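The values are calculated or read from the model by the stated rules, or taken from the named source; none is laboratory data. Remember, it's a predicted structure, so these values are computed and weren't measured experimentally. When we count neighbours, we look across all protein chains shown, and the Cβ atoms used for this are built from the backbone with ideal geometry, even at glycine.
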Amino acid sequence: MYKNLVLILLFLSSFALKQDNERIIQFNSRKIEHNAFKVGERLVYDVKYQFVKVGEAEISIPEIIDYNGRKCYRAVFRVWSLPFFSVFYKVEDRYESYIDVEGIYPWRFEQHIREGGYKFDFYAEFDHVNLIAKTSEGVFPIPQYAQDVFSAFYYARTQDYSNKKVGERVRLENFYKNRTYPLEIKYLGEQMVKVKAGKFKCVVVEPLIVEGGLFKAKGRFLLWITNDDKKIPVKMTAEIPIGNIVGELREFEGIENIKSKVD
């Protein structure tokens, strides 16, 4: 009897999953063609506070997963403080996003913050069919293709900045906690940047963050990305309440044919 009951439950659960997957698969997703990133990409950064290295960060796409019937990049961002700095202020943050391979928008987002004595955990599941986000804080409406604070970083890398004029902006919608915020990416021009990973021709952009970014920006947040189809983040600077944070690319893997690399 128990064996039959288990079989029935398995059948019902698989049927329910099939129905849910069919609903998601039938979603008429946008398609974004790009060569900016792929599975296996890994970027490692030195994090400096007031010119002193205090931590490291890693941004990676370790795998492609199937999530609710959609192929997704599992993208991970981690930042941690070095032992000497952890004595004063320990940082161990982790962000994770399941980003639709076809349309570059999120299906799930997780945020785990450990900074000093502060602890915060947040998750959101994005339903782009019914236009809602189910989060750890409730259920909220979202616009079509709303980004999370991490997936927005990848979406920005798919944009073409070659014909942009200084001051021109790319606009997207960024959902965080319980509402959607406008997020604009302002084009500032071109610049050569040298870091441990090499010397690169870059474009400079400024994400105009309202809330919920990878850094809690007090002032400006600037991003240098390679001036090619990869748009690799080479350098980041952010003004935070306790000073200036700088992230510089130290090493990378899983990336080929970087046209903007000078040496």
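Would it be correct to say that Phe200 is in contact with a Ser or Thr (Cβ under 6 Å, 6 or more places away or on another chain), over 30 Å from Glu115 (Cα atoms) and aromatic (Phe, Trp, Tyr)? Yes, satisfied. When the residues of the stretch 104-124 are filtered to those that are touching a residue at least 24 places away in the same chain (Cβ under 8 Å) and surrounded by fewer than 16 Cβ atoms within 10 Å (Cβ to Cβ), the one that is farthest from Val246 (Cα to Cα) is Gly116. Condition check: in contact with a helix residue (DSSP H, G or I) (Cβ under 9 Å, 6 or more places away or on another chain), under 16 Å from His112 (Cα atoms) and part of a strand (DSSP E or B). Does Ile59 satisfy that? Yes; evaluated as a whole, the condition is true for this residue. For the stretch 39-55, the set of residues classified as crowded, with 16+ Cβ neighbours inside 10 Å and either in a loop (DSSP other than H, G, I, E, B) or free of Cβ contacts under 8 Å to residues at least 60 places away in the same chain (or both) consists of Glu41, Val54, Gly55, listed by residue number. Looking across the stretch 85-132 at every residue that is part of a strand (DSSP E or B) and among the hydroxyl-bearing types (Ser, Thr, Tyr), the one that is farthest from Arg179 (Cα to Cα) is identified as Tyr118.
Just one residue in the set Tyr45, Tyr67 is farther than 30 Å from Glu248 by Cβ and aromatic (Phe, Trp, Tyr); that residue is Tyr67. For the stretch 177-198, the condition of being acidic (Asp, Glu), outside any loop (DSSP other than H, G, I, E, B) and either modelled with pLDDT of 95 or more or under 27 Å from Arg42 (Cα atoms) (or both) holds for at least one residue. Among the numbered conditions (1) at pLDDT 85 or above; (2) touching a Lys or Arg at 6+ places or on another chain (Cβ under 8 Å); (3) not basic (Lys, Arg), the only one that Glu41 does not meet is (2).
So which residues in the stretch 113-127 are modelled with pLDDT of 95 or more and not hydroxyl-bearing (Ser, Thr, Tyr), if there are any at all? Hits for the stretch 113-127 are Ile113, Arg114, Lys119, Phe120, Asp121, Phe122, Ala124, Glu125, Phe126, Asp127.
Screening Tyr155 with (1) part of a strand (DSSP E or B); (2) closer than 30 Å to Ser136 by Cα gives one miss only, at (1). Of all the residues that make up the stretch 133-151, how many are farther than 27 Å from Ile185 by Cα and in a strand (DSSP E or B)? The qualifying residues number 2. Mind listing whichever residues of the stretch 81-103 are surrounded by fewer than 18 Cβ atoms within 10 Å (Cβ to Cβ) and farther than 26 Å from Ala146 by Cβ? Leu82, Pro83, Phe84, Phe85, Ser86, Val87, Phe88, Tyr89, Lys90, Glu92 - these are the residues of the stretch 81-103 that are surrounded by fewer than 18 Cβ atoms within 10 Å (Cβ to Cβ) and farther than 26 Å from Ala146 by Cβ.
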